[in-house]
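The values are calculated or read from the model by the stated rules, or taken from the named source; none is laboratory data. A quick note: this is a predicted structure, and the numbers were derived from the prediction, not measured. Cβ sites come from the backbone with ideal geometry, for glycine too, and all protein chains shown count toward neighbours.
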Amino acid sequence: DCVVYWMRMGDLRVSDNRALSLASDQAQTNGVPLVVLFTISPQDYQAHDRAARRIDFVLRNLKCIQSKLDELNIPLHVETIDVRRQMPQRVMTFLADVNSKHLFANYEYEVDELRRDIILYALAKEANVRFELHHNRCIVEPGVIFTAQGKSPAVFSPYFKKWAPLVNHDSSYVEDAPAPKPNEQDVREKEPLAAMFKEMVPDFVDGFKLEADDKKKMEECWPAGEDAALEVLARFLKTKSRSTQRGDVNPLEEGAQESAKDSRVKQYHQERDHVDADTTSRLSPYLSAGVLSIRECVRAGRKMSKTADNVDTSRDSGVGRWNQELAWRDFYTNILVAFPRVSMGRPYLEKYSDVVWEDAVDADGNDTEAVKAWKEGRTGYPIVDAGMRTLNEMGWMHNRLRMTTAMFLTKHLMIDWRVGEKYFQERLIDGDLASNNGGWQWSASTGVDPCPYFRIFNPYSQSEKADPSGDYIRQMVPELKSLKGKQIHHPSVDSADALGYARPIVEHTSARNRALRRFKDVGEV
Ligand code: FAD
C-alpha cells in the first residue's frame, strides 16, 4: 500500500508544493510510503508546440528533484506514455502496480489536461481510488474573483482591485506548504518501489533532443533546480542591475553588485521597461515550470517592503509593481479557465475573427519571406531583430520586446497572431499557454483588456525608449555595432546596405495605415 503524488510538468519542485505536501501528510497518517510519479507525453508536447528547450529544462529539473527525493527515501518513477489518450488508464495501472488507493496532483488548467483529469477521475472512482486535485500554480487560483455582476473580469485593473485585498486578508494565499516528510519504511528493500530508486531520468525525449550547442547554452543561461531558482530570486532582490543586458547572460553570473537599496526589485517600477540593462527578475522559466513557487516570490517581496505585514501592491514602489506583474500571471490563468476558447485558437473578441491577414505560408507550405525575416531577426527594424535574435539564442525575451515583436508581426506585417504565438511557444523556455496567448492577443488587439487596435507601437520610438544607449541592439545585431547615436534605432538605407544589414521589410506609416484599415473593416460593423 502507498500514496502516490503525480508530479506534472508545471510543478517541478519539492518545497512549497501543496499536492506533494498533502500527499506526504496522507502517507504519514496511513503509515504507508509516498511514491512520486512523473509521466512524459511526447504527443502532448507535439500537440502543444512545446519547445525542445522546455522539455530539456523539465528533464534537467527532474534530475534535481530525483536527488532531493532520494534523500527523503521517496522513490520517483518516470514513465513515457507514447499515446496520450492512454494516459488515464496508464496512471490507473501504475496505481494498481504499487497497490495504491490514493492519488494526489496539482491542477493543470489547460483544456486538454482538464479533460484528461476528468476521465481519470471517473476511472479512479470506479476503482475506489481517491483522486485529489489541489491549486498550486497561482497566488489566487482561477474561479475566485468575479465582478459585481458575477462575471469573470476581462480587464486587469478591476481584477487586481479584488486580488490585492484577498491576498492581504487571507494569509493562506501565500502560505508555505510544509516540506514532505521522509519515508520511514524499508522502501529500498521491497519491490516494486525498490526498483524505482535505480531508475534514471532520461537525458532527452525522442523528437525533442536539443543540439549539443543549444543544450550547453540553455544550461548556462538557465541552470536547473530549486536552489538555482532561489538564487536567481535572491539576486533580483539584492543586487543592482548590470548596465548592459547581454543576450546570453547567465542570471547567476558573477559581477552584479550587492545593494539592497538600489537592487533590481527596488528600481523595478522605474527601470522595468529598459532592455539595455538587466532590469527584471528573469524568473519566468522557473515560475512556468514550477521550479520556484509563486508564493515564495510574494513572501520574499513582503519581507523587503515597508508594508511588512501586507503585500505591497502600489504602482509607485518596486516591490508593489513587481507584485502587480505576478498578478498578471494569475489574471491570464483565470482568463484561460473562464474563457477556454482563447486556448483553442479563437480570439477573445470574436468580432476580430474576420480580420484579413496576409499569407503566412507560400504555395509549398513554407514560411513566406516576411515570416522568415521576422523569425530570423532580419526585418530591418533593429529593435525587432534584436528581440527575435535574443529569443532564438536564449529562449527568453524581455516583456517590452515580446510586445514590440508581437505587435510588429500582427500589425506591421499583418500576420495572424496564432503564427507568432506558435513560434514563441516553440522557442521559449518559459512557454506558458495562458501568458503567451494573453500576451499575443493583447498585442494583436484581439484579447482581454487589449491594446486598442489603433494603438500601434512605433518600433523606432519604442527602441529609443527601451534601449536609450543602443547597447542592447549593438550586442544582438552586431552588423550595426559601428553605428553611433540615434542611427542605431533607425539606420539609413545607405548605412544598412554598407553594413550588410537588411532594409526595412515594410515602411512604418503605410504598414500602420493598412493595419488600421483591416481592423476598422471588421471592428466597426
Ligand atoms: P518580471 O518582470 O520579473 O516579472 C515576474 C514574473 O511575473 C514573470 O516571471 C512572470 O511569471 C510574471 N509576469 C510578468 N509580466 C507578465 C505578463 N505580462 N503576463 C503574465 N505574466 C507576467 N510569460 C511567460 O511566463 N510565458 C510566456 O510564454 C509568455 N509569453 C508572452 C508573449 C507575449 C507576446 C507577451 C507580450 C508576454 C508574454 N509573457 C510570457 C509575459 C512576460 O513577457 C514574461 O513573463 C516576462 O517577460 C518574463 O520575464 P521576467 O521573469 O524577468 O519578468
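Taking the range 276-290 as the search range and keeping residues that are near the ligand (Cβ under 6 Å from one of its atoms) and among the aliphatic types (A, V, I, L, M), which one is nearest to Arg402 (Cα to Cα)?
Residue satisfying both the conditions and the ranking: Leu283.
How many residues are of a type outside the set (D, E, K, R) and either surrounded by 21 or more Cβ atoms within 10 Å (Cβ to Cβ) or near the ligand (Cβ under 10 Å from one of its atoms) (or both) when one looks only at the range 261-275? Give the derivation first.
In the first step, residues of the range 261-275 are kept if they are of a type outside the set (D, E, K, R); the result is 263, 265, 267-270, 274-275.
Applying the additional criterion that residues be either surrounded by 21 or more Cβ atoms within 10 Å (Cβ to Cβ) or near the ligand (Cβ under 10 Å from one of its atoms) (or both) yields 263, 265, 268, 274-275.
Total meeting the criteria: 5.
Which of the following residues is within 26 Å of Leu516 (Cβ to Cβ) and either of a type in the set (A, V, I, L, M, F, W, C) or within 13 Å of the ligand (Cβ to nearest atom) (or both): Val448, Val477?
Values: Val477 fails: within 26 Å of Leu516 (Cβ to Cβ).
Checking each option against the conditions leaves just Val448.
Given the conditions (1) in a helix (DSSP H, G or I); (2) closer than 25 Å to Ser24 by Cβ, and given that His77 satisfies all but one, which numbered condition is not satisfied?
Unmet for His77, out of (1) in a helix (DSSP H, G or I); (2) closer than 25 Å to Ser24 by Cβ: (1).
Only one of these is more than 30 Å from Leu59 (Cα to Cα) and outside the structural domain of Asp44 (by TED's automatic domain parsing): Ala386, Ala363, Ala406. Name it.
Ala363
For the range 104-208, list the helices (runs of 4 or more DSSP H) that sit wholly inside it and hold at least 3 residues that are within 22 Å of Ser284 (Cβ to Cβ) and of a type outside the set (Val, Ile, Thr); which are they?
Here the list reads 156-169.
Is at least one residue of the range 333-344 of a type in the set (Gly, Ala, Ser), within 16 Å of the ligand (Cβ to nearest atom) and closer than 18 Å to Ile294 by Cβ?
Checking the range 333-344: not a single residue is of a type in the set (Gly, Ala, Ser), within 16 Å of the ligand (Cβ to nearest atom) and closer than 18 Å to Ile294 by Cβ.
Could you please give the count of residues in the range 291-320 that are under 15 Å from Ala234 (Cα atoms), more than 9 Å from the ligand (Cβ to nearest atom) and among the β-branched types (Val, Ile, Thr)?
Counting residues in the range 291-320 that are under 15 Å from Ala234 (Cα atoms), more than 9 Å from the ligand (Cβ to nearest atom) and among the β-branched types (Val, Ile, Thr) gives 3.
Do the conditions hold for Gln441, that is, is it more than 8 Å from the ligand (Cβ to nearest atom) and within 17 Å of Arg329 (Cβ to Cβ)?
Values: more than 8 Å from the ligand (Cβ to nearest atom): yes; within 17 Å of Arg329 (Cβ to Cβ): yes.
So Gln441 passes the test.
Would you please name the residue that is surrounded by the most Cβ atoms within 10 Å (Cβ to Cβ), looking only at residues in the range 466-480 that are more than 26 Å from the chain's Cα centre (by Cα) and under 15 Å from Arg389 (Cα atoms)?
Applying the filter and picking the extreme gives Leu480.
Can you find a residue in the range 113-133 that is closer than 15 Å to Trp6 by Cα, surrounded by 21 or more Cβ atoms within 10 Å (Cβ to Cβ), in contact with a strand residue (DSSP E or B) (Cβ under 9 Å, 6 or more places away or on another chain) and in contact (Cβ under 8 Å) with a residue 60 or more places away in the chain?
no
Could you run through the range 23-67 and say how many residues are more than 24 Å from the chain's Cα centre (by Cα), part of a helix (DSSP H, G or I) and either closer than 20 Å to Lys216 by Cα or not β-branched (Val, Ile, Thr) (or both)?
8
Looking at (1) more than 30 Å from Gln66 (Cβ to Cβ); (2) within 10 Å of the ligand (Cβ to nearest atom); (3) at pLDDT below 95, which is the only condition Asn323 fails?
Unmet for Asn323, out of (1) more than 30 Å from Gln66 (Cβ to Cβ); (2) within 10 Å of the ligand (Cβ to nearest atom); (3) at pLDDT below 95: (3).
Going through the range 165-218 one residue at a time, which ones are loosely packed, with under 14 Cβ neighbours inside 10 Å, farther than 30 Å from Pro42 by Cα and without any contact (Cβ under 8 Å) to a residue 60 or more places away in the chain?
Pro165, His169, Asp170, Ser171, Ser172, Asp186, Glu189, Lys190
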